[in-house]
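Bear in mind that the values in this text are calculations on the coordinates, not laboratory data. Predicted model, so just to flag it, every value in this text is computed and none were measured.
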Amino acid sequence: MGNLSELERARLRWRARRGLLENDLIITEFLDKHENQLTDKDVAALTLLFEMGDNDLLDVLLAKRELFGEYDTPELRRLVLLMRQP
């Protein structure tokens, strides 16, 4: 459940790489804290989130805008709230 294989961890971190340093820092800190507890559902939700454009993602992570459209799911709302925590 919460035990990602090393390959799954590497893939998730690779998909998390962003064009904006701010996004990279927020996402990396989140993964450092919570990676071991992520479920398959969480990984699927994060994979979707990482398809969002960099500027939109930064606005969501900084709470300047809320999730929208296909990204507005209960799983992503929960994960984004965790990412917003210091």
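Odds and ends about this structure:
- Computed from backbone phi with θ = phi - 60° and the Karplus coefficients 6.51, -1.76 and 1.60, the 3J(HN,Hα) list for the stretch 43-59 is 4, 4, 5, 5, 4, 5, 4, 6, 7, 5, x, 4, 5, 4, 4, 4, 4 Hz; x is used for glycine and proline.
- In the chain, the longest principal axis of the Cα atoms and the axis of helix 6-16 are about 10 degrees apart.
- Equivalent ellipsoid of the chain: semi-axes from √(5λ) of the C-alpha gyration tensor, largest first, are 19, 14, 12 Å.
- Amide H to amide H, with H built 1.01 Å from N, residue 38 comes under 5 Å of no residue 5 or more places away or on another chain.
- Extension gain, residue 68 to residue 34: 0.36 nm times the residue separation minus the Cα-Cα distance gives 9.9 nm.
- Using alpha-carbon coordinates, inclination of helix 74-84 to the longest axis of the chain, degrees: 80 degrees
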